[in-house]
Amino acid sequence: MADRVTVIGWDGSPLTAAARSALAAATLVAGAAHHLALDEVPPRAERVRLGSVDLAARRIAGHRGTAVVLADGDPGFFGVVRTLRAPEHGLEVEVVPAVSSVAAAFARAGMPWDDARIVVAHERTLRRAVNVCRAHPKVAVLTSPGAGPAELALLLDGVHRTFVICEELGTAREQVSVLTSDRAADHVWRDPNVVIVIGGTPAPAPGRAGAWLMGDDTPAVRGWGLPGEETGGRAGQDPSLRAAQLARLGPRTGDLVWDIGCADGAFAVEAARFGAAVIAVDADPAACARTEAAARRAGVLLQTVPGPAPHVLERLPEPDVVRIGGGGVPVVTACTDRRPERIVAHATTRDEAEAIGAALADGGYTVECRLLQTVDLDPADWTERERTVVFLLSGSRTHRSP
């Protein structure tokens, strides 16, 4: 094992005395090509081109001597320190930090970033990173080859955002470009780059205090499965079905939710309050307008798509979870074909529930059905005001092919 491992962050500024001292004593230096070309790298040190950090960590673990790893930005912030400290490598490291590329990008843009979401985009997480950009008004994206500004823009089709693209920060080739997301796909961008995605800023939710938490989007209204008037929807609605649907779907940050038959937007708004990206669909343009108004009142972002299901669903991006508010078996089948993780629907009759359940099962989903009955009571005299009976159906995707 290496006698000493020092990880040095590099942001383009001159190296600190501590970093120069560590490099001077190094018998092995790992880093990207531009790191290994630094004058401070000892000419006799073994040089390891940093591609796979796991491979480099194994080389370092087998090295007898003093090792230095050079990395862009702050190596402890979505950087190499996590991999180097993994138990299987057994390395103890010292870190000489630098300004993170995210902090540098926001500094170049002259913007605060304590209210930003920060995501890493590579080929496996690109879709989830895009969903965060859909759901939040300020996101910094640490990109990678094949998951850069152009790919972000293509997957954000139909959602207007502004991109601040910071290429090769801290180098002589640094460049900052500001353009709309629909134009980003027309360019070739240099790696490494950071993309600040901004726009769609909702009105501040009522009662929201100043920021106190990084990336703060704590809902101003406590709870979920709320009465319609608290989610921006119609007053007097029974929220019990919506609460049960939310519980079964579990929307979360990085998810894309389809709300088919959004009506007044109560479900769509609540799903967005969990941090998920939401596309609300309704054949009635007035329902889409009501949903957009509800989202503004609640201070959340979502996208509405007017048009009849199932046909309108064909052009939508892949969902993680789906709520079906109407349309019957044809809509259920169209949704199972897209293979979301979970689907919920409801029915008012047993025959309708059986048909929906069969469609979910035929699509390769494990089906659960509950008969929900709620009774709204007047606490003044405990008389019954309204009774609701509905079948709740939920499908969880199985691993076998349908």
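Before moving on, here are some points about what is shown:
- Surface exposure of the stretch 31-98, expressed per residue as accessible area with a 1.4 Å probe, stands at 56 Å².
- Ranked packing of 269-279, 179-189, most packed first, by mean Cβ within 10 Å: 269-279, 179-189
- Along each principal axis, taking the top coordinate minus the bottom one, the Cα set of the stretch 281-402 gives 54, 34, 21 Å in descending order.
- Listed peptides 33-41, 383-391, 16-24 appear in the order 16-24, 33-41, 383-391 once ranked by packing, highest mean of other Cβ atoms within 10 Å at the front.
- The chain, accessible surface, carbon-and-sulfur percent (1.4 angstrom probe): 53 percent
- Over the chain, Cα pairs under 8 Å with separation of 6+ residues give a relative contact order of 10 percent.
- Simple Cβ-charge dipole of the chain, Lys/Arg +1 and Asp/Glu -1, about Cα centre, in debye nearest 20: 880 debye
- Probe 1.4 Å, all protein chains present, accessible-area order of ASP238, ASP351, largest first: ASP351, ASP238
- Considering helices alone, the calculated mean residue ellipticity of the chain at 222 nm is -7500 deg cm²/dmol, with DSSP H runs of length four and up weighted by -39500 (n - 2.57) and normalised per residue.
- Applying a DSSP loop filter and a limit of 14 other Cβ atoms within 10 Å to the GluC sites (Glu not before Pro) in the stretch 67-105 leaves GLU88, GLU92.
- With all protein chains modelled, accessible area of LEU213 [1.4 Å, Å²]: 80 Å²
- Given a 1.4 Å probe and the protein chains as shown, MET214 ends up with an accessible area of around 100 Å².
The values are calculated or read from the model by the stated rules, or taken from the named source; none is laboratory data. From a predicted model like this one, the values you see are computed outputs, not experimental measurements. For neighbour counting, all protein chains shown are included, and Cβ atoms are generated from backbone atoms with ideal geometry for every residue, glycine included. These area figures cover heavy atoms from the full protein model, side chains too; ligands, DNA and RNA do not enter into them. Shrake-Rupley method; radii C 1.70, N 1.55, O 1.52, S 1.80 Å.
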